[in-house]
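Worksheet: the structure to be examined is printed underneath.
The values are calculated or read from the model by the stated rules, or taken from the named source; none is laboratory data. Every value quoted in this text rests on a predicted model; they were computed, and no experiment measured them. Heads up, the Cβs are rebuilt from the backbone with ideal geometry, glycines too, and the neighbour counts pull from every protein chain shown.
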């Protein structure tokens, strides 16, 4: 079965916690036998994507995997559909 998994990553310099750190939500499509297997596979994927290196200023930069935001079953979705989000808002145009 196909699943879309939404993963959350945080970017920053080790030892310097930003009040509003730069974060990334990444949607990845993967094959798994069940939602639970998709979660395990997505978690392994997220951990493998983490990076850490010294930047030009000699500081330790890192991109850290924080966890899963969502797991979506794509079996009944259209072939071209990758992600969706439902929310309530009084000003829909602000999200464009």
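Scanning region 44-61 for residues that are farther than 16 Å from residue 6 by Cβ and surrounded by 15 or more Cβ atoms within 10 Å (Cβ to Cβ) yields one hit, 61. Of the residues examined, residue 41 is not one that is at pLDDT 95 or above and surrounded by fewer than 12 Cβ atoms within 10 Å (Cβ to Cβ). Taking residues in region 52-71 that are on the phi < 0 side of the Ramachandran plot and free of Cβ contacts under 8 Å to residues at least 40 places away in the same chain, and partners anywhere that are loosely packed, with under 13 Cβ neighbours inside 10 Å and in a strand (DSSP E or B), not one pair has Cβ atoms closer than 7 Å while being at least 6 places apart or on different chains.
Taking (1) over 13 Å from the mean Cα position of the chain (by Cα); (2) surrounded by 14 or more Cβ atoms within 10 Å (Cβ to Cβ); (3) at pLDDT 90 or above in turn, residue 34 satisfies each apart from (2).
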